[in-house]
1. As a quick test, which of the pairs Lys88/Lys513; Lys362/Lys593; Lys444/Lys757; Lys195/Lys242 have an alpha carbon distance above 31 angstrom in this structure?
2. I'd like the FRET efficiency for Glu291 and Glu28, computed as 1/(1 + (r/R0)^6) with the beta carbon distance as r and R0 of 56 Å, rounded to 0.05.
3. Using Cα-only point scatterers and the Debye equation, what is log10 of I(q)/I(0) for the range 23-76 at each q in 0.15, 0.20 Å⁻¹, rounded to two decimals?
4. Beyond 13 Å, what share of the Cα-Cα pairs of the range 743-806 remains, rounded to the nearest whole percent?
5. For Thr790, what is the net charge nearby, where nearby means another residue's Cβ is under 11 Å from its Cβ and Lys, Arg count +1, Asp, Glu -1?
6. Which helices, taking whole DSSP H runs in the chain, have alpha carbons extending 27 angstrom or more along the helix axis plus mean Kyte-Doolittle at least -1.0?
7. Rounded to whole Å and sorted largest first, what semi-axes of the equivalent ellipsoid does the C-alpha gyration tensor of the range 410-452 yield via the square root of 5 times each eigenvalue?
8. Give the Kirkwood hydrodynamic radius (Å, one decimal) of the range 718-773, defined as one over the mean of 1/r across all pairs of different Cα atoms.
Amino acid sequence: MTIAAATPLPALPGVGERLGRYTVNRVEDLPEMQGHLILLTHQNGARHAHVVRDDDNSAFGVTFPTVPRDSTGVAHILEHIVLMGSQKYPVPDPFFAMLPRSLNTFMNAMTSNDWTTYPFSTRNEKDYFNLLGVYLDATFFPLMRYESFRQDGHRFEFETPEDPTTELKLQGVVYNEMKGAMAAPGAVMWRAFGKALFPDLTYANNSGGSPGDIPNLTYDNLRAFHAAHYHPSNAFFYTYGKLPLGRILDEIEAHVMSQFQAQTLDVSIPDQTPFTEPRQERVTYPGSDVERGTQVSVMWKLGLSNDADANLRWSVLSDVLLGNAGAPLTRPLIDSGLGSALADLSGYRDSFREGAFAVGLKGLGAGKVEEVQALVLDTLRAVVQDGIDPELIESSLHQFEIAQKEVSNSGFPYALGVMFRLLGPWLYGGDPLTGLRLDAQLEKLRADLAAGKVFEPMLQREVLDNPHRVTLELAPDPELVAHMAEQERELVQSLSADFTGEDRARIVAESLKLKELQAQENDPGVLPTLALSDVPASVPPVPYSTEQAGRALVARVPQPTGGLTYLDVQVRLPELPGDLLEVLPLYTSAVTKSGAAGQDYVALSRRMEAVTGGVSASASSGVRPDDLHLLRLAVSFSGKALARNAEALVAVMRDIIAAPEFTRERLEQLLKQRLAGLKASVVNSGNAYAERLAAAQVSPAASIGETWGGLSALDRLKHIVEEGGLDDLLDRFGRIHTLLLSGQPVLCLTATEDDLKLNLTPLTDLFTADAPVGHPLPRPRADGPQARVTDSPVAFNAVAFETVPYTHPNSPALLVLARLLRSEYLLKELREKGGAYGGSASFDPREGVFAMSSYRDPHILRTYRVFRDARAFLDTELGQREVTEAVLSASKALDPLTSPDTVGRLRFFGDQAGFTPEVQEAYKTRLLAVAMADLKRVMDAYLTPERAAYALVAGRDPNEEMNELGLSFTVQPV
Ligand SMILES: [Zn+2]
């Protein structure tokens, strides 16, 4: 949302008013988000919530309570199959095919333990109605082909599908997905949690599907589940934005409502019968770390989660007890030294009809159940006895207020965040308004807190005195994988025991038929699409003012921030010696989590929680729009606070920038956490590491990126942590701090007009020394193809090329080329044919690096052949449709979804770096004119074997097989 020329919002209907066959039941103000909530019901029972807000990102979602009675995964499999073709759009994969034909800001579908939802959002009106049509047709009129059920549900298939003498196997997308999911401790914990606390309810089932039960799902059961649940009488519709409600309702009426009669379906979930005494449960997951792989969690069933008062109180209490490293429940548990971290799912949960609270430890050996349980109970008793520090409660309420007021699209569209807040109480029969407006509940809580203790008696009554308690142990079982494979073999055997020759012939025939269907192309003519003329050609202006304050440049951006103040302090760094440059991200990650100005890290973190919504720091490098080799380094500090605390935010940021205090002990803790995180990320993000390693060979900016966030950063950190480099690091931090204060500061303040006059001198005053801004030019590391070997059954392959800077006329064609290769070529060749989990092409126009990579890939040589043959692919039968879709998709990258918290700082810092609206508009104009000939031309010019840089992360040495391509890799362990 920008404040440019506010369009008038549509007029609100009155309560009782009829809109077609809908009746308006309620109209409520939403003062904190400057909007309104309209609740309606349709004659046939459909419920509809519409939020009117001056936000150009409009949203839709339809949600169905889906309450499975078994663990066949019917709700999850249905979610997959609904997306595989519908009456009006009978193509194999309409959702996937819509992605490049739309300017959507979000498209997805999700299955939870008792509901399934289909949401999207977009800023384009035509796109909104295109997607609305596709979503309504998919959910209410899916084809649910038998072949789709076989492909994504379950089926028998011979090892060699056309040969009935080979081994018979169970297959299916969801079947395999759940086999994988049930191997992850987090997912096993989540299933066990619901089953342990609510053994008599739907939560005892695995809504995703248990591999042993999925084969019991029949095609008829699936269709019956759809007919019963995906019906208007069981639907909760949600719409958001400033498009006219009448037009949306007319569309839903014509497409869906007119086709259905009211029906009744009982999806209500009863109360769980309370336990009369506490229980213990044990579950296992496949794992071999018996020394440290066990978790123990103590959990309680609470009252109804749709009770707005109780929900708010439990959310606050949970944050008070567990919200940070120094919190009264967290700290004693961690300091006990029993485990290394809190157990998964610790805290309050409102995702069941009745609430739950859990806490425990992970990183345990076997046999710790009694010890952890006693520690948890003793600690809770001590909290009740000693009382909770009122300041902690105040800090939590303050964080709550920020969360309620903040309007942000960072991470997830706000338009859909509102839907999930409202669905919480709504689906369980509560008041949806309480999900969006908590003022009444907050007022009551504050009054009760003023009158006496609230949380201590609550803990005593609902937790300590509550016999509905389960102590759950989640333990690794090294034999489980073999055991599960054995179970699967037995299952196949028992299901196929009386198969005749005819049955076997049918399985072969069905396999072949499925292959045939999979080879069919989407007929794109059936689906609606946007045209290039729908892409906004201009870059909307964002007003701000600037002033000079000493050496500092200050921008002030007026935005409707809902009463929050956002502050960025970017410091452009002077010339940095290499030994400081390489540890800059360690400095920025530690500086906000350590002490400052005489306060230790616990005191500083409590102060930050009391007056800010968080302060973070980061290091960045940038190049000029017209020169890839003119680099600039900066450290940025960003913070936010309620406007009434803006001065306190300035003071906190000043202390962190001017007087950070690092201690050896705290730094060691932080670096160890960072190292554990980086190590774990290699097997999940191997493609990103490989890409960085390849790009570092050709691009100076990417070379810095690799030093900061690549495998060499992991190496350096390992060295510091494991070989005693801490004192040296502390010394380097001291030198970074001195150089930082001689840098050139650029500040950006974003707030509502009334809050913009904030005094920033405490910050601008800090930068008195005068050093010229540095322009580092690290040499790309032209050291040939690189392989890093790690413990992984798969490979991550990458190739990178340095191309041209942003303002070069060929840049837009490279951006389009990346999109085209990804969707039309690499996904098919690497994923569908090659069996890799993913394949991608990317182009970062600001860094000028073009890369192709594969994700969780069984192949190395084959994949590099596919990369090499990309040029030949451009000469195959590609038409205007493919190019247009690639241009549409590329244009989305140029128009990221912003919000009041980000739009101003993006504009201002972009302008400062030379990426002005004029420069961006010129880029867009060129982008919209890109044609097939341009793609071939830029590929011939820049993506040639001579310019390519190679890197991979894999479980094996690639050299023998890669000889064939004449490539020789330097091999090192990760
Ligand atoms: Zn799935």
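The values are calculated or read from the model by the stated rules, or taken from the named source; none is laboratory data. Given the structure is predicted, the values throughout are model-derived calculations rather than measurements. Methodologically, a virtual Cβ is constructed for each residue, glycine included, from the backbone with ideal geometry; neighbour enumeration extends over all protein chains shown. Heads up: the accessible areas ignore ligands, DNA and RNA and are worked out on the full protein's heavy atoms, side chains in. Shrake-Rupley method; radii C 1.70, N 1.55, O 1.52, S 1.80 Å.
1. Values: Lys88/Lys513 23 Å; Lys362/Lys593 23 Å; Lys444/Lys757 34 Å; Lys195/Lys242 42 Å.
Correct reply: Lys444/Lys757; Lys195/Lys242.
2. Details: r = 55 Å, r/R0 = 0.98.
Efficiency, from the Cβ-Cβ distance: 0.55.
3. -0.63, -0.83
4. Values: 1647 of 2016 pairs.
Looking at the range 743-806, the distances longer than 13 Å represent 82 percent of pairs.
5. Details: positive: Lys679, Arg788, Arg956; negative: Asp791.
Net charge around Thr790: +2.
6. On the way: long enough: 501-519 (28 Å, -0.53); 664-684 (30 Å, -0.43).
For the chain, where a helix must reach 27 Å along its axis and average at least -1.0, the hits are 501-519, 664-684.
7. Values: eigenvalues 134, 40, 9 Å².
The three semi-axes for the range 410-452 are 26, 14, 7 Å.
8. On the way: mean 1/r = 0.0695 Å⁻¹.
The answer is 14.4 Å.
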